[in-house]
Structures are given as structure tokens and as C-alpha cells.
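Working notes, structure below.
Please treat every number below as a calculation from the coordinates, not as lab data. What you see is a predicted model, and the numbers here were worked out from it, not measured in a lab. Because the Cβ atoms are built from the backbone with ideal geometry, glycine has one as well, and the counts that use them run over all protein chains shown.
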Amino acid sequence: MKLVVGLGNPGRKYEGTRHNAGFWLVERFAAQTGTVLRKDPKFQALVGRHEPSGAWLLLPQSYMNPSGRPIQMLASFFKIAPAEILVAHDELDFAPGVSRIKQGGGIAGHNGLKDISARLGSHDYWRLRIGIGHPGDQQGVTDFVLHKPTQEERAEIDAAIGRALEVLPLALAGDLQGAMLKLHTQEVAEQAERPKAPDKAGKPDKPGKAKKAAAARKVEKPEKPEKESSFSALLKKFLPGTGSARKK
């Protein structure tokens, strides 16, 4: 992997909004690795070099919709193929706390990805999708992505970014399959560790239900032998010859 891109909008007005989740990931990776991001007018972006891997880090400063131009210019200058590019971006189709890596695929109305695909002439670049949730109404998407997440949502998004950063060295080394597997495994493990809601089946039954259940489990008693013996005695009284004497 030779180029890692974070998508978002520049400026304080947008820095805390959901649409900047890609910025958040690359900024955290740069801070963790001591990579300095500098404004480069030639590429219309903040650019830095991750020395251990030699990969470029890039934050387009052209706003979200024309994000493809800075990527195309840097990729063309350094002769980087689409399959050697990883783009981190916000993902409406995933809930906060979910992150996934994939190559290509649909862009689901994401204008930044749409411009990247058009500029590169390919969908073959890799994507690190960071879940931000969905407003539930397509008409409200623009307003939703340009607003800050709730405190709880931001914590979940940050946790997902943290898991993604743990596997990023594998991606930079070219082991994308290993990165995908590890990221998914981590997420499944964390979900399994979360406390589950009490099982309704484990709650004690209400008194009425308990009585019904006990009645249903009650074993049917056999008929009392006294009834049969009384009937036999009556037959013997009015019909002599019945019973053992008749059998002779």
C-alpha cells in the first residue's frame, strides 16, 4: 500500500462532523507514528510520508465532493496504481462502532468516492469504511453527515478507528486479507464480551402461569379399583352365576 487517504472537509466548522471520520483516522495514525502532515499547494492537500512503510498520507483540502483531484494528482506524480491506494471514509450503511476493509464495490451515493472513481477511472482502490449510522430518511442524509455525532456515537466511532489502526500496519505491508480478517475478528470478539440483556426465559413465571404449568404437568391418576370391585359385587348379587362360579 503506497497511499492512505482520509476523506473529510477542511476547517473548524467541519472538523467534528460525521463526514470527517476519514480525517480522524489518518490524523490519529499520523500522531501515533510521528508523521508530520504539511500543506502542499501542488496537491491541494495535507501530505506526509510514513517512513517505516514509505506510504504517503493524504488529507484532501478541496472539500469532500472534489476529493478525487488531489488523490489523482499525487497518485499520478508518484505512479501509484488504484489497487495501491487505501481510502478511509464515513459509511452510512454501518452503525457507529463498525469498520470494514474492502476493495472496489458500489459507492452508495458517497460524493467523495464518486469523484475519486471518476478521477482514477477505476473502482479498484481499497476502502476503509467507518460506520457513522444512518438518519433513517434519505432526505436527511446531508444534514446528518454535516453534524457532530452524539457523545456515545463518537465513542463508538473512535473505538472502531482504534481497531482499524491496529490492523493498518498489515495493510501497509500489503497483507490486506490478513488486515480484513483481524479487523473482523476483533469486532466479533468485542461484541461477544459485551454484557447481554437478561434472558426473558430466565425470569420467574407469574403466579397464574405457574399454576397453569403445574396443572399441565400433573400426572393423571388411574381409576380406583374400588369402583370396579363394587360393580362386580352388584353383578353377583342380581345375576348369580357371574364371576368365578360362572367360569366353572
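Structure summary
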{"quantity": "Segment 69-161: chymotrypsin sites (Phe, Trp or Tyr not before Pro) in DSSP loop, at most 12 other beta carbons within 10 Å", "calculated": "Phe78"}
{"quantity": "Enclosed volume per residue, in Å³, of the convex hull spanned by Cα atoms of segment 3-193", "calculated": "113"}
{"quantity": "Among the listed pairs Lys13/Lys79; Lys42/Lys114; Lys79/Lys114; Lys42/Lys79; Lys42/Lys102; Lys148/Lys182, those beyond 24 Å (Cα-Cα)", "calculated": "Lys13/Lys79; Lys42/Lys102; Lys148/Lys182"}
{"quantity": "Loop trypsin sites (Lys or Arg not before Pro), segment 1-57 (other Cβ atoms within 10 Å of the site Cβ: 15 or fewer; DSSP)", "calculated": "Arg12, Lys13, Lys42"}
{"quantity": "Rounded to 5, the percent of DSSP beta bridges in segment 3-193 classed as antiparallel", "calculated": "50"}
